[in-house]
Amino acid sequence: MIYHYPDGQKAIDDINFTITHGESVALVGANGAGKSTLLLHINGTIIPRQGIVNIGNIPVNEKTPEIIRKKVEIVFQNSDDQLFMPTVFDDVAFGPVNLNIPAEDVRFLVDHALEQVGALHSKDHPPYKLSAGEKRLVAIATVLPVFPEILVMDEPTSDLDPFSRRTIIQLLKSFHHTKIIATHDLDMTMELCERTIILNKGEISSDGPTEVLFNDNKLLAASHLEQPLCMQSCPVCGKAG
């Protein structure tokens, strides 16, 4: 698959990979490596012009966005791009309402989703009054009532305080969906993703077991990355981890 920005700059250059059902896969790389652009292809926000993206045996194209988005749900990096309704309830209900699910079932699905993420108390609040961490939890809740097969997430722990970050990591650990996570949080990657794809200037520089790749300092340096803190030596005692 190849993708160019409107100004002609190449964002994705001949990428090819397969993710199997139930995998948790991290996409890591420096700013501008192509992570977010790749995610937008996976859920059909961007239609591939050169190459093919398949979700199962369904190609992502102009004829299949509704089918693809029932299978793949994306949580954007900026929660304000996802939360646009008057109340949290309305935002979480948006998906099932548009699937014509009966109102009584919608209420149950919304409550269950918010309870899963620990945000049921905010159900009647306007989203703009929530903290960044609360918004992120609600943004995740918005994709749960439609029971996606694949969760695609862009920087789910960015700009969060330590407690909110830990809450989201524990939440994602509990999900049995296929997860594709673009992130700079390599410590989170170590906890959640057994496989990592490293992107560098729109190309895949490596694809393999997370711990193996993160032990390759030469590979990380070439992709403008550093080992996660959990793998670095203590600056005081010199012990690893």
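Overview of values
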read-out	value
Relative exposure of Met153, Met1, judged by other C-beta atoms within 10 Å (fewest first)	Met1, Met153
Long pairs among Lys10/Lys173; Lys63/Lys129; Lys10/Lys63; Lys129/Lys179; Lys173/Lys218; Lys71/Lys135, criterion Cα-Cα beyond 27 Å	Lys10/Lys173; Lys63/Lys129; Lys129/Lys179; Lys173/Lys218
Ranked list, fewest to most other Cβ atoms within 10 Å of each Cβ, for Val106, Val88, Val212	Val212, Val106, Val88
Residues Tyr128, Tyr3 arranged by fewest to most Cβ contacts within 10 Å	Tyr128, Tyr3
Cβ-Cβ FRET estimate between Met231 and Glu104, R0 fixed at 45 Å, reported to 0.05	0.35
Alpha-carbon centroids, segment 153-196 and segment 7-45: separation in whole Å	17
Cβ charges +1 (Lys, Arg) and -1 (Asp, Glu), total dipole of the chain, debye	200
Rounded to 10°, Cα long-axis angle of helix 103-116 versus longest principal axis of the chain	30
Linear extension gain, Gln50 paired with Ala30, 0.36 nm per residue minus alpha-carbon span	4.8 nm
Choice from Gly29, Gly56, Gly44 showing the highest fluctuation, given a GNM over the chain with Cα pairs closer than 10 Å	Gly56
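FYI, it's all coordinate maths here, none of it is from the lab. No experiment lies behind these values; they were computed from the predicted model shown. When we count neighbours, we look across all protein chains shown, and the Cβ atoms used for this are built from the backbone with ideal geometry, even at glycine.
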